[in-house]
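One structure is given below, encoded as structure tokens.
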Amino acid sequence: MTDSELLQARTQKWRLEGQPVRTLEEARAFLESVGFCLMYPMRPALLLPTFVGAWVGAEDKLPMRQHAYADPRAQEATELMVRALRDRAAYEASLIDENNSLLLAPPVFPYFYSLVGERNPKQPPAAGPRSPYSPLACDAFEIIRRRGPISKSKLGEMLGGSVSNAGLDHALGELWAKLRITRVDYTAAEGSVWDELSRWAPEVVREGVGISVPEALSALVSKYLECVVAVEEGEIENFLANFVPRTRVKEAIHALLSARELSFVHVGIKSLLQVTPPKQAYVPKPRPERVS
């Protein structure tokens, strides 16, 4: 494989070759093909496809998250993304920047939940010295649990007028980071609408709780390699180290290499990792019949 062949394979898989994603079914198919993607490009760059890139059908001059509000393409891509969330054709998670979400395909999301979600989702969050949740986050969760899907603006009203917008964003971010809640809708008038994830998608949460961390890591390493076609080990670690310690990612990669589920491929002068291609069965050619 050459560098240009690798780039072309990614371009085709990431829908950047002039065939943009426009319908809900196309969005579903794109996400299930790549497994996960960012909404917008990042700086520094993370080797992942973007939903806005798939919407545009190209990667030239894509809007960053900071400039999305002024770009009609980003607004249209967001409308399709929200439709995918409503239809459960996609799930959303917070990555490095909570304003540039990670979108995951339904078959992949349980593995992701296994890494970052709560193992006992029925237990409400509690504040404390070692807890990742503030008292405000616990109060917000209780309202979301009691009231069902609720907009951020309405939630702020119910929490009291003294809660600042930044404080509420931080509390929602704490809950979202552990997948206690998920964004299920968005309107210009009301803003984001949040619900308890275990109520919005109970089957997905139950499946995620039942998956061990090693199994989840192995699945996500393999899916990431399918997404990027072939890559250096460090790029896999850069992505998954956002969720688990880098040492755990290394262990998963080496276990998959030992099981021969991953292998190396030469791309230019580099030796990259790939999902081991399936062996083709040997079919002997029929012998020509003798002419007597």
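The values are calculated or read from the model by the stated rules, or taken from the named source; none is laboratory data. All values derive from a computational prediction rather than experimental measurement. Positions of Cβ are generated from backbone atoms using ideal geometry, with glycine treated the same way; all protein chains shown enter the neighbour counts.
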Go through Arg146, Arg130 for me and flag whichever is in a helix (DSSP H, G or I) and without any contact (Cβ under 8 Å) to a residue 12 or more places away in the chain.
Arg146
Just give me the residues in the stretch 172-204 being closer than 14 Å to Ser153 by Cβ, of a type in the set (Gly, Ala, Ser) and surrounded by 14 or more Cβ atoms within 10 Å (Cβ to Cβ), in sequence order.
Gly191, Ser192
Conditions (1) touching a strand residue (DSSP E or B) at 6+ places or on another chain (Cβ under 8 Å); (2) within 27 Å of Ser198 (Cα to Cα); (3) not hydroxyl-bearing (Ser, Thr, Tyr) -> Arg28 fails only (1)
On the given criteria, is Ala219 outside the structural domain of Pro132 (by TED's automatic domain parsing), in contact with a strand residue (DSSP E or B) (Cβ under 6 Å, 6 or more places away or on another chain) and touching a residue at least 60 places away in the same chain (Cβ under 8 Å)?
no
Residues of the stretch 3-18 being in contact with a helix residue (DSSP H, G or I) (Cβ under 9 Å, 6 or more places away or on another chain) and not hydrophobic (A, V, I, L, M, F, W, C), which ones?
Arg10, Lys13, Arg15, Glu17
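Yes/no per residue for (1) assigned by TED's automatic domain parsing to the domain that holds His254; (2) more than 30 Å from Arg10 (Cα to Cα); (3) in contact with a helix residue (DSSP H, G or I) (Cβ under 7 Å, 6 or more places away or on another chain):
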site: Gly191; (1), (2), (3): no, yes, yes
site: Glu203; (1), (2), (3): no, yes, no
site: Arg206; (1), (2), (3): no, yes, no
site: Glu226; (1), (2), (3): yes, no, no
Note on the stretch 60-96: residues loosely packed, with under 15 Cβ neighbours inside 10 Å and in contact with a helix residue (DSSP H, G or I) (Cβ under 7 Å, 6 or more places away or on another chain) are Glu76, Asp87
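Is it true that Asp97 is at pLDDT 95 or above and among the acidic types (Asp, Glu)?
When the stated conditions are applied, Asp97 does not pass them.
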Taking helices (runs of 4 or more DSSP H) that do not extend beyond the stretch 14-110, which have at least 2 residues that are at negative phi and within 11 Å of the chain's Cα centre (by Cα)?
24-34
Within the set of pairs 6+ apart or on separate chains, which have a first residue in the stretch 53-67 that is of a type in the set (Gly, Ala, Ser), a second that is part of a helix (DSSP H, G or I), and C-beta atoms under 6 Å apart?
Ala54/Phe30
On the given criteria, is Pro121 assigned by TED's automatic domain parsing to the domain that holds Trp200, in a loop (DSSP other than H, G, I, E, B) and of a type outside the set (D, E, K, R)?
yes
Qualifying positions in the stretch 21-59 - closer than 20 Å to Ala74 by Cβ, in contact with a helix residue (DSSP H, G or I) (Cβ under 6 Å, 6 or more places away or on another chain) and surrounded by fewer than 21 Cβ atoms within 10 Å (Cβ to Cβ):
Leu24, Glu59
